[in-house]
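The values are calculated or read from the model by the stated rules, or taken from the named source; none is laboratory data. Here the structure is a predicted model, which is why all the values come from computation and not from measurement. In this analysis, Cβ positions are derived from the backbone assuming ideal geometry, glycine residues included, and neighbour counts consider all displayed protein chains.
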Amino acid sequence: MADLDFSNKQFVKQSQLGIPIGDKIVLGQLTSYKDGTAKWTYAKDTNPLIAGPGDRSTFTLFKDDKGKFNWTPTTSTSVSNLATREGFTAEQVTDSLYKTPQTQTVLNGGNVTQLGGINEAKKLGVPGTTGKATVTGPLPSTVSGNFAGQPGATQAAASTGDVTSAPVNLNIEGLGKSRTSFGTHRYPLDLNSSSQDKIKFDMLEYSPRGFEQDSKTNLAQFAERKSTGSRTPLGTVYLPITSGISEANSCVWGEDRMDPGQALLANVALTSIQQGLDQGFGVAANAAEAAAGAGNKDVKALAASFFAQAASGAGGILARTQGAVINPNLELLFNGPALRPFSFTFKMSARSDTEAKEIIKIIRFFKQGMSPQKSKSNLFIKAPHTFKISYIRGKTDPHPFIGEIKECALQSFNVNYTPEGQYATFYDGPMISYEIQMQFTELEPVFNEDYGKSGSLPADLLFKKS
């Protein structure tokens, strides 16, 4: 059997994939690699904070010495682990994986899709390009024993480097009845056939961020969100570019004051934390000695003012008596990034009854896509879908002279059913004209590094790392 070490393989794509086992659809993560191989990992075991390091319940598609691709358990305990975690018998797991064509059809189909489609998959010779499953027969060994080529596979490998996990699975029951596909819509109807520039709105399933733990520092931070390019859109809307498109980049800066007394205390505290209490006391002693020095009238006036105000409870003594105030060291300091908002207004006047109904579908697309989703039990409410907004030049090319927009949330959506100021409909009810106003906000701030190193047009407008 071929080496099943996937640690050095370069993967193409990862996505969630549910496969039928027994009487359930079991969720997992399918990872496809450039050489055509793949690995499916049980969802609860994609989080090393829960499962620990190493493969626990994974199954791999590998190429054997004869050039044939086969699905096999990654370790000798993959089957038993999955059976125990989901309440199956080992026989149910093996029967589903190796005797049920439907299960392998799902696995192979997911891998083919992630490899770039049937044509790319055929070049690699992976199963699933004909729509048929490859039934490999019984397991190569018993569940309790080691598989060929995997000595000691039952022991979890030591974790090295960065460890990235998916969000902790709360076992939230699936969502209630809702659309999972929103189709492709456009206004006007002939927009796709023309070379007119347009705006493309892709609806995406919201992707929460997991945690990322660095094994060297043991510090945890949020991992990168799944890129919009790695997620299949739930639906798409094309609209013509209207006048008034703009963007507003900003950062949060604020005034900050720190008078000499506060600066001294801060320096003492910081020195004590970084270098020890002795060094901190030394800073304080040196300041006291300098204050007591001969001819230091400003320091003495400061001390006198401080104690006089403390004793009397009156403020502004220094200003009233000396016509001066303590230097506040006023400075504008960076407080953090800001999220960019984007507003769009589209007026859509139908030229036919068919186009009017297409407009209704577009309005439904945004209204339903921005709405939160209830779980079947009504105990949880999940985040609405998000949107990727792209400016298109001509038919398909990204517009090189308008800045890109990161993944956005649709925060408000307003519809004016009578933008002409009067009520008018087609014979069967649709309005002859609609106006929609949308307010989007990016999920994450824009950072300097998002622009890359290039400084020439049009690259300096885009988020391309070079």
*Spot the failing condition for Phe281; the list is (1) at pLDDT below 70; (2) loosely packed, with under 11 Cβ neighbours inside 10 Å, and only one is missed.*
(2)
_Residues that are on the phi < 0 side of the Ramachandran plot, buried (at least 18 other Cβ atoms within 10 Å of the Cβ), in a loop (DSSP other than H, G, I, E, B) and at pLDDT below 55: does region 164-178 have at least one?_
yes
*asked:* For region 441-466, give me each residue that is under 20 Å from the mean Cα position of the chain (by Cα), modelled with pLDDT under 90 and surrounded by 13 or more Cβ atoms within 10 Å (Cβ to Cβ).
replied: Asp450, Tyr451, Gly452, Leu462, Phe463, Lys464
*Go through region 378-420 and give me each residue that's at pLDDT below 95 and of a type in the set (Gly, Ala, Ser).*
Ala383, Ser390, Gly394, Gly403
*Output the number of the condition that Asp353 fails; it satisfies all remaining conditions of (1) surrounded by fewer than 11 Cβ atoms within 10 Å (Cβ to Cβ); (2) in contact with an Asp or Glu (Cβ under 7 Å, 6 or more places away or on another chain).*
(1)
*At least 3 residues that are at pLDDT 70 or above in each: list the strands (runs of 3 or more DSSP E) lying fully within region 196-244 that qualify.*
198-204, 235-240
*Return the residue satisfying two criteria in turn: it lies in region 426-440 and is surrounded by 15 or more Cβ atoms within 10 Å (Cβ to Cβ) and assigned to a strand (DSSP E or B), and of such residues it is modelled with the lowest pLDDT.*
Met431
*Applying the selection to region 328-344, what residues are under 21 Å from Asn414 (Cβ atoms), in contact with an Asp or Glu (Cβ under 7 Å, 6 or more places away or on another chain) and outside any loop (DSSP other than H, G, I, E, B)?*
Phe342
_Given (1) over 21 Å from the mean Cα position of the chain (by Cα); (2) over 15 Å from Leu189 (Cα atoms); (3) not aliphatic (A, V, I, L, M), number of the condition Ser352 does not satisfy_ = (2)
*If you go through region 399-420 one residue at a time, how many are assigned to a strand (DSSP E or B), more than 18 Å from the chain's Cα centre (by Cα) and surrounded by fewer than 16 Cβ atoms within 10 Å (Cβ to Cβ)?*
4
_Can you say whether Pro372 is in the same structural domain as Ala350 (by TED's automatic domain parsing), of a type outside the set (S, T, N, Q) and at pLDDT 90 or above, as far as the supplied structure shows?_
yes
